[in-house]
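The values are calculated or read from the model by the stated rules, or taken from the named source; none is laboratory data. Keep in mind the model is a prediction, meaning the values are calculated, not measured. Please note: Cβ atoms are built from the backbone with ideal geometry, for glycine as well, and neighbour counts cover all protein chains shown.
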Amino acid sequence: MSGCPFSGGPGHRRDGGAPEPAAAAGPPASDGPPAAGDSANRGLSRLGMSRRGLLSLAGAGGAGAVAGLAAGFLGHDAVEAAAALAAAAPPAAPEDIVPFHGDRQAGIVTPAQDRLHIAAFDVVTEDRAELLRLLKDWTAAAAAMTAGRSTGSSGAVDGPYDAPPEDTGETLDLGAGKLTLTFGFGAGLFEKDGKARFGLDGRRPDALIDLPHFPGDDLQPGRTGGDIVVQACADDPQVAVHAIRNLARIGFGQTRVRWSQLGFGRTSSTSRAQTTPRNLFGFKDGTSNLKAEDTALLDEHVWAGPGTRQGEAWMAGGTYLVARRIRMHIEIWDRTSLREQEGLIGRTKGSGAPLSGGAEFTSPNFDITGSGGEPLIPLDAHVRLAHSSRNDGVKMLRRGYNYTDGSDGLGHLDAGLFFIAFVTDPRTHYVPMQLAMAKEDTLALEYLKHTGSGLFAVPPGTAAGGFIGEGLFA
């Protein structure tokens with residue numbers, strides 16, 4: 001069941017500073033001495049340091065460092081206020097930070113966070129230099145946000161008072177939230193209307209195919225495709241939303257959002273340290289998912305090689321992201337008996353054990369029969385059809401999320417699974433399995449509808465000083 005939308009998997013979820021506007025003329029509020037905070041702020045201004053800069057220093061060196069600075073430079077009347085500011089600063093939490101730079105992009109084998117905001121962008125400029133500048137700006141912003149910092153040199157509050165801030169500011173009081181940002185390139189970045197774009201003729205990998213229209217697909221153009229995808233995962237939904245929002249702001253004029261999706265409650269685990277989550281059908285999901293610890297299997301099934309042509313060597317060490325928005329027919333499912341639900345999945349709803357017996361992680365035995373000679377795991381069970389033994393040994397690294405987008409206007413929930421999988425080659429590791437399941441899987445035929453789709457080439461990671469996809473443009 002590795003790689004299929006509902007196979008059950010390990011991971012139980014928890015389920016200087018800008019000037020202030022001039023004050024109105026009038027008598028002072030009191031005829032006493034100025035407040036210590038006012039004195040501290042004036043002292044900081046003399047040093048060319050903002051209050052935010054002081055708090056940053058507090059995070060790096062603690063309250064003692066700030067108090068020492070205040071005593072040496074601001075005067076004793078500001079020491080108490082400076083120390084209070086430092087004490088109010090949130091402590092540094094490196095365990096909340098997933099490094100952005102590295103040989104491979106974060107957000108793939110990183111232990112799956114609980115929240116998702118993914119967006120696909122269309123590139124509207126045709127200027128290669130503008131695209132490169134955008135990718136460099138996005139790289140700088142991604143490195144800052146994943147480290148818990150604001151974007152831009154002045155952030156949300158320290159820039160010119162009469163200009164828009166360089167960061168939208170909704171995460172000023174939040175940590176990094178284990179934010180990861182993963183970037184991928186769609187086919188539309190390489191060619192448009194049959195013509196190569198951005199000097200990338202011959203650079204599109206052979207594996208970056210146009211996904212076929214699978215039986216039963218009801219794809220909506222506004223939820224399908226895109227030139228660049230950005231997957232933001234975090235433990236705090238506001239951190240994930242902030243990341244995509246700021247990248248969209250930075251890309252204004254060069255890109256526009258084609259589609260986006262919010263997700264909650266991961267539907268798979270990418271580490272053995274995580275327990276198994278459940279999807280909106282109530283079943284454990286992703287039991288047989290590949291894990292970060294499965295390094296040999298990741299090399300075989302997830303990480304891409306250099307390809308067969310010189311023009312695609314830039315993908316070595318990268319991977320391919322398959323995205324599918326799968327709507328669940330929640331109301332029909334909720335009126336289905338427990339016996340039929342378990343038969344459709346091929347697992348028990350409580351423990352997640354295969355119907356052939358054992359516990360959750362027991363390998364399913366498809367040969368065991370019950371009374372009347374019928375197999376304990378039905379022939380059309382999702383677990384059977386998605387199992388690697390039925391798909392030439394193929395596995396994938398899933399990283400999907402539940403979603404709910406209100407109702408459809410008919411009183412039905414618009415809810416389901418936003419399926420995300422990383423594979424070494426979609427031609428061998430996704431398309432054949434999905435074609436088979438779209439024809440034979442009763443669960444897919446009667447209870448699911450695919451409404452959005454995308455395939456993206458995810459390049460390897462970025463070194464400090466480099467930028468996203470640098471190898472593609474070399």
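When every residue of the stretch 429-442 is checked against the conditions, none turns out to be hydroxyl-bearing (Ser, Thr, Tyr), under 23 Å from the mean Cα position of the chain (by Cα), under 21 Å from residue 103 (Cβ atoms) and assigned by TED's automatic domain parsing to the domain that holds residue 283. Exactly one residue among 287, 362, 308, 369 is in contact with an Asp or Glu (Cβ under 9 Å, 6 or more places away or on another chain), more than 28 Å from residue 116 (Cβ to Cβ) and in the same structural domain as residue 429 (by TED's automatic domain parsing), and that residue is 308. Residues in the stretch 175-194 that are more than 20 Å from residue 119 (Cβ to Cβ) and modelled with pLDDT under 95 were compared, and the one that is surrounded by the most Cβ atoms within 10 Å (Cβ to Cβ) is 175.
Being assigned to a strand (DSSP E or B), surrounded by 18 or more Cβ atoms within 10 Å (Cβ to Cβ) and in contact with a Gly (Cβ under 6 Å, 6 or more places away or on another chain): is that true of residue 261 here? Taking the combined requirement at face value, the residue does not satisfy it.
Close Cβ contacts (under 6 Å, 6 or more residues apart or on different chains) running from residues in the stretch 307-333 that are of a type in the set (Lys, Arg) to residues that are in a helix (DSSP H, G or I) comprise 325/223. Can we say residue 444 is buried (at least 16 other Cβ atoms within 10 Å of the Cβ) and under 21 Å from residue 264 (Cα atoms)? For residue 444, the condition - buried (at least 16 other Cβ atoms within 10 Å of the Cβ) and under 21 Å from residue 264 (Cα atoms) - is not met. Under the condition of being in contact with a strand residue (DSSP E or B) (Cβ under 7 Å, 6 or more places away or on another chain) and part of a loop (DSSP other than H, G, I, E, B), the residues counted in the stretch 143-183 number 3. If only one of 188, 216 is farther than 23 Å from residue 94 by Cα and part of a loop (DSSP other than H, G, I, E, B), which one is it? Going through 188, 216 in turn, just one is farther than 23 Å from residue 94 by Cα and part of a loop (DSSP other than H, G, I, E, B): 216. Does residue 170 satisfy being at pLDDT 95 or above, farther than 23 Å from residue 124 by Cα and not β-branched (Val, Ile, Thr)? So residue 170 fits the description; yes.
Only residues that are more than 19 Å from the chain's Cα centre (by Cα) and either modelled with pLDDT of 95 or more or surrounded by fewer than 21 Cβ atoms within 10 Å (Cβ to Cβ) (or both) were counted across the stretch 276-297, and they come to 10.
No other residue among 140, 120, 106 is hydrophobic (A, V, I, L, M, F, W, C) and either part of a helix (DSSP H, G or I) or over 18 Å from the mean Cα position of the chain (by Cα) (or both) apart from 140. Which ranges mark the helices (runs of 4 or more DSSP H) fully within the stretch 336-449 that have 1 or more residues being aromatic (Phe, Trp, Tyr) and at pLDDT 95 or above? In the stretch 336-449, the matching helices (runs of 4 or more DSSP H) lie at 442-447.
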